[in-house]
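Before any comments, here is the structure.
The values are calculated or read from the model by the stated rules, or taken from the named source; none is laboratory data. Small disclaimer: the values here were computed from a predicted structure and weren't measured. Counting neighbours? That spans all protein chains shown, and the Cβs are built from the backbone with ideal geometry, glycine included.
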Amino acid sequence: MLLLVFAVLSASAVAHAAGPSQVASADRATWPDPIDSPTAFDRASRAEILAFAHELALSESLDDTDLTARLRLKQFGLASRASVDKLRARYWQRLAANYRLASRSCREREAFCEPAADAEALRKRALALQTAPQPAYAAWRADAARFHRIYLDELLRLAALFPRVSSEIDTYGDGELDGSELPDRRFLLTFDDGPSAAGGSTDKLLATLREHKLDATFFVLGLSLQRQADAGAAGRTAQRYAGMCLASHGWEHQSHSRWPQWQDSVTRSSALIKAQAGSAYVPLFRPPYGQRRADSGEFFRQQGLRVALWSIDSQDWNAKMTPADIQGRLLSLMLLWRHGTILFHDIHDKARIALPWLLRQTRGAGLEWIGCQEYRGRG
Ligand SMILES: [Zn+2]
């Protein structure tokens, strides 16, 4: 029994090796304005960019010892330092670009409209945001400080681990997609780990998506699809997912950086999905936990597949996160990054609850949910 407990514990430690101790969720009720127009979206976006940039700038004053302790890491060597530095440099460029886009709609005396032409100017603006610029934003400022500090730590932790534990935090070259290549205000919905049994969370989610006239890419497991085919559901996959896109999440939910059979897992699952899904199949592969080998690029090229990661993690798989936590987190991250690929899991019910709320909150904000068939041809 004890052995079993150890086995389970170590398996989950490997599975969530990149998981942080705390997960960020934002209280959107603290933001005083509705996000019902492109201008309102931009104002809220500038605020989130400044709040995140504030935490990013503050974190740069930490030395390696402080950062190791804050991120609760066991080790932080030269490779971790280089990875964290690379991430920060990339984020400053992206934040500066996002701030410029969000500032186009600025009118005189509007909140969060001080100009910042480049990353250095943005750093100064962000550091100056100690308190809210107007009393109406005081509650938001306090909540955003907490949210972005925890969120930044999630990202820095992934970056520090990346040299040993790959994840979505970085790509191995241009062959891999992560959603950061999407245009401003465009988002892609993705759902992993399915399909669940007939009549379960996958089918309920499919109904919700159709009700809202949305499509999405489902990264399914070959083994789960095979089991449903064995149970008599063969031939119904294309019908079940009509209007959606299907791609591979591997044969089994294992790290594809450590599993000796990872190549077989990729080819076998892709072939099965293609055979069952027909034209709904898209030649993408999403590695479980985002873990793939640094030298796997050539294999995927030969297979005609692209690795498709994500840029906005809903954390819906996390037992600590309620649908309300996920909603607040996602809206703040959509405002911060302004575009990207959102990761959900259709084996949980939380996305089905969170998604209609997100759509209501951003109605009129000028956002577009990009079609999954359009995404396959990008990059
Ligand atoms: Zn997964």
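When ALA144 is tested against the conditions (1) in a loop (DSSP other than H, G, I, E, B); (2) touching an Asp or Glu at 6+ places or on another chain (Cβ under 8 Å); (3) in the same structural domain as ASP64 (by TED's automatic domain parsing), the lone failure is (1).
Can we say PHE112 is of a type in the set (A, V, I, L, M, F, W, C) and farther than 15 Å from LEU335 by Cβ? Write out each step before concluding.
On the way: of a type in the set (A, V, I, L, M, F, W, C): yes; farther than 15 Å from LEU335 by Cβ: no.
So PHE112 does not fit the description; no.
Of all the numbered requirements in (1) over 18 Å from ASP170 (Cα atoms); (2) free of Cβ contacts under 8 Å to residues at least 60 places away in the same chain, ASP85 misses one, and that requirement is (1). Hey, any hits in region 248-257 for a residue that's touching a residue at least 12 places away in the same chain (Cβ under 8 Å), surrounded by fewer than 22 Cβ atoms within 10 Å (Cβ to Cβ) and either among the aliphatic types (A, V, I, L, M) or not assigned by TED's automatic domain parsing to the domain that holds ILE312 (or both)? Taking every residue of region 248-257 in turn, none turns out to be touching a residue at least 12 places away in the same chain (Cβ under 8 Å), surrounded by fewer than 22 Cβ atoms within 10 Å (Cβ to Cβ) and either among the aliphatic types (A, V, I, L, M) or not assigned by TED's automatic domain parsing to the domain that holds ILE312 (or both). What are the residues in region 227-249 that are within 13 Å of ALA277 (Cβ to Cβ) and more than 27 Å from the chain's Cα centre (by Cα), if any? Passing the criteria: GLN228, ALA229, ALA233, ALA234, GLY235, ARG236, GLN239.
Counting only residues that are part of a loop (DSSP other than H, G, I, E, B) and hydroxyl-bearing (Ser, Thr, Tyr), which one in region 85-132 is farthest from PRO163 (Cα to Cα)? Steps first, answer last, please.
Quick first cut of region 85-132, residues part of a loop (DSSP other than H, G, I, E, B) only: 104-118, 129-132.
Narrowing further to those that are hydroxyl-bearing (Ser, Thr, Tyr): 105, 131.
Values: SER105: 40, THR131: 37 Å.
Per the criteria, the residue is SER105.
Do we have LEU284 as more than 26 Å from LEU101 (Cα to Cα) and in contact with a strand residue (DSSP E or B) (Cβ under 7 Å, 6 or more places away or on another chain) here? Considered against the rule, which asks whether it is more than 26 Å from LEU101 (Cα to Cα) and in contact with a strand residue (DSSP E or B) (Cβ under 7 Å, 6 or more places away or on another chain), LEU284 comes out as yes. Applying the criterion of at least 3 residues that are within 16 Å of the ligand (Cβ to nearest atom), on the phi < 0 side of the Ramachandran plot and of a type outside the set (Phe, Trp, Tyr) to the helices (runs of 4 or more DSSP H) found wholly in region 152-257 leaves 201-211, 222-228. Can you confirm whether region 155-164 contains a residue that is in contact with a strand residue (DSSP E or B) (Cβ under 8 Å, 6 or more places away or on another chain), in contact (Cβ under 8 Å) with a residue 24 or more places away in the chain and closer than 26 Å to HIS256 by Cβ? So far as region 155-164 goes, no, none of its residues is in contact with a strand residue (DSSP E or B) (Cβ under 8 Å, 6 or more places away or on another chain), in contact (Cβ under 8 Å) with a residue 24 or more places away in the chain and closer than 26 Å to HIS256 by Cβ.
The set of residues from region 259-283 being within 16 Å of the ligand (Cβ to nearest atom), in a helix (DSSP H, G or I) and of a type outside the set (Gly, Ala, Ser) comprises TRP262, VAL266, ILE273.
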